[in-house]
Amino acid sequence: MRTTLLMGALLCVSSTAGAQQIPDSTARRQQRTLDSLSTALAAVNARLDSLAAKPPAPPMAPMAPMAPMAPMAPMRASGAYMNVSFVGLTGFDWSTSKDVGALQVGDHEPHVRGFAIPNAELALDGTVDPYLKAFANVVYKLDSNGETGVELEEMFFLTTSLPGNLQVKGGQFFTEFGRQNVQHPHSWAFADQPLALNRMFGPEGLRSQGLRISWLLPTSFYTEATMAVLNSAGTTTYSFRSEESSAIHGGLPIERAVGGAGDMLYVPRVATSVDLTSTQTLLMGVSGAFGPNNSGSSARTQIFGTDLYWKWKSPTAHQGFPFVAFQSEALVRRYDAAARDGEANPSLTLPSESLRDRGVYAQLLWGIKPMLVAGVRADYANGDHARYPVLDAPEGVNRSRYSTNLTWFPSEYSKFRFQYNYDHRTGIGNDHSLLLQFEFLLGAHAAHKF
């Protein structure tokens, strides 16, 4: 049928061409074209006839049922990545004091004349799942003899989806006491810690293992209340059950086990923030730390602190500059020392006494232009001597320090800092120090809290 129709169409074309009396040469070309088309149609018709003559293919056998597949593990949308960074801090320092370690008592401060590497930090952070984040910081440092020390500075999880504006942190972490205690050395505005923090929290700051719960209050301005419950033992709980507490009370520390909730360390804090104007912000906070100390079986320590931070930023700021920022903290410690054996003379029993220490610092930063910051700071710390004068440790010395520095950031991944310190120690004298620092960052580092 298809062949008949096609042939009829060709004949119509042929007769039409003849009726129009086309010249012979043109007619011969058209005839050859018609012959070619006829040959192609004949080949197609023969192919169709051969396919029609073939027997039908046998039906396919039914497929065997497939074995049930094992349930697939859920795809890991979170926790499959993390930020990894390395922060290196090195410097060159010179002081009129030959015993730099007695002048710069912080763990991440220079302890010798010459070159130093006070801090190198490997930081990891990432999202575990829709409910948790996790952070870890491993710190490397060289001591005054060039020996390498390694410590797990922080390792904790942080909830992200609790109801009621609640959040829980668990692991080892710096406690939220004031503003600077939670900061790592690469976040400091100066090359060393304030004297007040060294006096109250010791060389390594206040950190331990435990849990912290925070609540963001439903107020029209930012207000957050936190409470941490921590272990009270170790060198990082300096004013509590620390083996280094002899520097405070002059006696031999006792072995004091955890017998109940009263032997834990409690650190409450309330912080609030308000925008004074479109260009000015004010943050204020009060903190406390309460726990046992190991001068006796029932001796306790109380530390109170208040902090203030104010910042102005130009309405035409570029990259956050220019700005002016002021920060200050004041701390008071009451260390109730029990009757104890003297460290220098164990045959002598020291009487029970209440030792009080005070410290304050204030610093002002001026962001002159993008990547250039100038700063000044004033420090003061004093305290009571233990009644038996066995100490020549920093705890028994009233101190003041005045510092000025200039920090230049070639980029957001590096910085140079030049700092001058003037120190006065009662009964010892005055010292001058120059500190030159260089810091670099490799990788992606988590942002720090404002």
Residue satisfying all of: in segment 325-353; at pLDDT below 95 and polar (S, T, N, Q); nearest to the chain's Cα centre (by Cα) among these: 352
Residue under evaluation residue 90, criteria (1) over 30 Å from residue 161 (Cβ atoms); (2) surrounded by 22 or more Cβ atoms within 10 Å (Cβ to Cβ); (3) β-branched (Val, Ile, Thr), criterion not met: (2)
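At pLDDT 95 or above, assigned to a strand (DSSP E or B), farther than 21 Å from residue 179 by Cβ and not β-branched (Val, Ile, Thr): does that describe residue 283? Even if it seems obvious, please write down each step before you answer.
Values: at pLDDT 95 or above: yes; assigned to a strand (DSSP E or B): yes; farther than 21 Å from residue 179 by Cβ: no; not β-branched (Val, Ile, Thr): yes.
Here the answer is no, as residue 283 does not meet what is asked.
Test residue 281 against the stated conditions and say whether it is in contact with a strand residue (DSSP E or B) (Cβ under 7 Å, 6 or more places away or on another chain), under 30 Å from residue 344 (Cα atoms), hydroxyl-bearing (Ser, Thr, Tyr) and touching a residue at least 24 places away in the same chain (Cβ under 8 Å). Walk me through how you get there before you give the answer.
Details: in contact with a strand residue (DSSP E or B) (Cβ under 7 Å, 6 or more places away or on another chain): yes; under 30 Å from residue 344 (Cα atoms): no; hydroxyl-bearing (Ser, Thr, Tyr): yes; touching a residue at least 24 places away in the same chain (Cβ under 8 Å): yes.
Criteria not met by residue 281.
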Hits in segment 243-280 (condition: at pLDDT 95 or above, surrounded by 20 or more Cβ atoms within 10 Å (Cβ to Cβ) and small (Gly, Ala, Ser)): 271
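Could you check, for segment 200-212, whether at least one of its residues is among the small types (Gly, Ala, Ser), exposed (fewer than 14 other Cβ atoms within 10 Å of the Cβ) and touching a residue at least 24 places away in the same chain (Cβ under 8 Å)?
First, the residues of segment 200-212 that are among the small types (Gly, Ala, Ser): 202, 205, 208, 210.
Add one more test, that the residue is exposed (fewer than 14 other Cβ atoms within 10 Å of the Cβ), and what stays is none.
No - not one qualifying residue is present in segment 200-212.
If a residue has to be assigned to a strand (DSSP E or B) and polar (S, T, N, Q) to count, how many in segment 265-280 make the cut? Even if it seems obvious, please write down each step before you answer.
Here is the first cut: in segment 265-280, the ones assigned to a strand (DSSP E or B) are 265-275, 280.
Keeping just the survivors that are polar (S, T, N, Q) gives 272-273, 280.
Residues in segment 265-280 being assigned to a strand (DSSP E or B) and polar (S, T, N, Q): 3 in total.
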Lone qualifier among 204, 224, 244, 255 - being in a strand (DSSP E or B) and acidic (Asp, Glu): 224
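Can you name every residue in segment 281-298 that is farther than 30 Å from residue 259 by Cα, surrounded by fewer than 21 Cβ atoms within 10 Å (Cβ to Cβ) and not hydrophobic (A, V, I, L, M, F, W, C)? It would help to see each step written out before you state the result.
Narrowing segment 281-298 to residues farther than 30 Å from residue 259 by Cα: 281-285.
Going one step further and asking which of them are surrounded by fewer than 21 Cβ atoms within 10 Å (Cβ to Cβ), we end up with 281-284.
Result: 281, single match.
Being surrounded by 21 or more Cβ atoms within 10 Å (Cβ to Cβ) and either part of a strand (DSSP E or B) or at positive phi (or both) is the filter here, so list the residues in segment 299-335 that pass it. If you could, list the steps in order and put the result at the bottom.
Residues of segment 299-335 that are surrounded by 21 or more Cβ atoms within 10 Å (Cβ to Cβ), as a first pass: 299, 301, 303, 305, 307, 327, 329, 331, 333, 335.
Correct list: 301, 303, 305, 307, 327, 329, 331, 333, 335.
The values are calculated or read from the model by the stated rules, or taken from the named source; none is laboratory data. It should be emphasised that the depicted structure is a prediction, and the values quoted were computed from it without experimental measurement. Cβ atoms come from the backbone with ideal geometry, glycine included; neighbour counts cover every protein chain shown.
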